[in-house]
Amino acid sequence: SRREGSMWKPGSCRFMRLGLVALVALAAVGTANAQMSMSAEEDEMLEEMGVKGTPMGRKDSTPKMEIVKSDLPYIRCDVCRRMVALAFEHATTVLDKRFKHQPKRRNEFTQFDGEGEVQDYVEKLCSPDKPGSPGEWIKRLDILADGDKLVLHENADFGHCERECRTIERACEDVIETADTEFSEALYAAVKEGADLEKVQRMVCNRAAKVCKTKPPPLAPGRVDHAFRTMTNDEKSMADMMANLKDSGMGGTMYKREELMKGMAGMEDKMAHIAEEHGMDTDALERAIAQTSDLEPEPRKSEL
């Protein structure tokens, strides 16, 4: 807002504040990308300069990609068996010590993680977007046609969670919804009894979730494949940061240095024109910009 008695025209004040916003953003970005929490007005100003950022966290309203519904009947069984394999390995680690523990004294009490912890792990198996969660396995999978059936291929690296990834996520959720607590109960009983993986997979996928009881019909020709796109390390780090921001309820906008530099092109000439128009030098203009933004200008070396 313009200070009372200011000699600046409203347009000049807004323009100088716009320049300050861009300069502050550039300083924050440095030589890489940076996430910034700016006001709606500041985002609007940068957009006026042609600078577009990537909304992050709670500001990111990008919808999830649409699933491929026709693939679901062909992958549910394989998805379920993989889920059980992961959960069984975790349950064995968590529960094995409990069932093998032999108390040294009659009244000895030792607390162990139990069925609740296993259930919590199972519930997170279908969350590919949460960094470090059990559900990240989904982002390594690709759906491929193999004759008249579909198979899941596991890649060494994570991929972008696009249509096939979201389809696998849905298949995973279908298993959890149908099997409900029988999933974790089967894991608990299997570890206690020393059952093997194959038996647990039959208990969960054939009986509880009922996704492996019957084979799907032959795959019709002409299925459209959606290519697996591997994530670079930078893309994975960016996706993790966005997910953590959203999970914490925070938000901001990601600006790239090159975009800010592009938006600043020609800014110096316009600033010089404003300075000349008001009979000021560049240093005085910087101080005026700071005053219109209620910021204290940094002291010059000569003033220290």
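List every residue whose amide H lies under 5 Å from the amide H of Met231, counting only residues 5 or more places away in sequence or on a different chain, with H placed 1.01 Å from N in the peptide plane.
It is Phe158, Gly159, His160, by chain and number.
Looking only at region 116-145, which residues have a backbone nitrogen under 17 Å from a spot 7 Å from the Cα of Thr230 in the C-beta direction?
139-143
Values in this text are rule-based calculations from the coordinates and carry no lab data. Computed from a predicted model, the values in this text were never measured in an experiment. Here the Cβ is made from the backbone with ideal geometry for all residues, glycine too, and neighbour counts use every protein chain on show.
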